[in-house]
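The values are calculated or read from the model by the stated rules, or taken from the named source; none is laboratory data. This is a predicted model, so every value here is computed, not measured. Because the Cβ atoms are built from the backbone with ideal geometry, glycine has one as well, and the counts that use them run over all protein chains shown. Accessible surface areas use protein heavy atoms only, side chains included; no ligands, DNA or RNA. Shrake-Rupley method; radii C 1.70, N 1.55, O 1.52, S 1.80 Å.
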Amino acid sequence: MLTPCHQTLFLLSLLLMSTRITAVIITHNEAANIGRCLESLRGIADEMIVADSHSTDATLSICTQHGAVV
């Protein structure tokens, strides 16, 4: 039998295990930086969403190469 404290810890651990993190990044012509940014989120964010503001450089292709939803 679990104590009330252990029950609370158990429920919190279940909640944390089911929590998903979505990273949302707003960009405009960030080809020089976006790859490093997305790589830094690996293992932290479950999903990466990029909201791009009409970039004219390679930002969008870099984002899709890193698995981000654009």
Return the residues of segment 29-56 that are in contact with a strand residue (DSSP E or B) (Cβ under 7 Å, 6 or more places away or on another chain) and open to solvent by 80 Å² or more (accessible area, probe 1.4 Å); say none if nothing qualifies. Asp46
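Okay, residues lined up against (1) touching a Gly at 6+ places or on another chain (Cβ under 6 Å); (2) without any contact (Cβ under 8 Å) to a residue 12 or more places away in the chain; (3) within 18 Å of Val69 (Cβ to Cβ):
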site	(1), (2), (3)
Cys5	no, yes, no
Arg20	no, no, yes
Ala23	no, no, yes
Ile26	no, no, yes
Glu39	no, no, yes
Gly43	no, yes, yes
Glu47	no, no, yes
Asp52	no, no, yes
Filter segment 13-22 for residues that are modelled with pLDDT under 75 and open to solvent by 90 Å² or more (accessible area, probe 1.4 Å) and give the result. Leu15, Leu16, Met17
Filter result for Thr3 (at pLDDT below 95 and surrounded by fewer than 10 Cβ atoms within 10 Å (Cβ to Cβ)): yes
